Amino acid sequence: WMDEIQWHKGSALDRRSFHDIIQDVDGVIFSVAVLFDSTFPSKGGSAGGPGSYEEMNRETLINVAREANESKNCKNFVYYSAHRGLPFFPRYLSTKQEAEAFLTAQEDLNYTIMRPGVIFNPDSTK
């Protein structure tokens, strides 16, 4: 099935990088997120800044959902949100919930919101 998917490089932070591509698709599966953002103690970032939960978990979804909603062809949107966050990272879940609120306000999109538990790569445990 992987051969049947068309892969395109772009940045969910830059709507111009995927604007033309979204015009030609009928759906989007969105799973962009970070579990440890730029404000993680060793990274020294600030809330709302580059690499933050606000940017990566909320603004990326808003950019892509807005383009999809404005497209004539793209009418289906699947969002991998979160069932819960880690108690010591409350902004992880709150920014996912803010993204959900934006998505559900889009009038021309059929959306599905998935709320799985933690998803990880088995290789990350090595």
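Quick look at the numbers
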quantity	calculated
Selection count, the stretch 50-69, where residues are under 18 Å from residue 91 (Cβ atoms) and assigned to a helix (DSSP H, G or I)	10
Residue 79 being closer than 17 Å to residue 26 by Cα and crowded, with 19+ Cβ neighbours inside 10 Å	yes
Matching residues in the stretch 1-29 - criterion: being open to solvent by 100 Å² or more (accessible area, probe 1.4 Å) and within 17 Å of residue 109 (Cα to Cα)	24, 26, 29
Number of the exception - residue 105 against (1) over 12 Å from the mean Cα position of the chain (by Cα); (2) surrounded by 12 or more Cβ atoms within 10 Å (Cβ to Cβ)	(2)
Near pairs, Cβ below 8 angstrom, 6+ apart or cross-chain, from the stretch 97-115 (part of a loop (DSSP other than H, G, I, E, B)) to any residue that is surrounded by fewer than 12 Cβ atoms within 10 Å (Cβ to Cβ)	115/83
Test: residue in the stretch 32-49 that is outside any loop (DSSP other than H, G, I, E, B) and either in contact (Cβ under 8 Å) with a residue 24 or more places away in the chain or open to solvent by less than 20 Å² (accessible area, probe 1.4 Å) (or both)	no
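The values are calculated or read from the model by the stated rules, or taken from the named source; none is laboratory data. Treat the numbers as computed from the prediction; the structure is a model and nothing was measured. Ideal geometry is used to build each Cβ from the backbone, glycine not excepted, and the neighbour counts take in all protein chains shown. Keep in mind that these areas ignore ligands, DNA and RNA; they rest on the heavy atoms of the full protein, side chains included. Shrake-Rupley method; radii C 1.70, N 1.55, O 1.52, S 1.80 Å.
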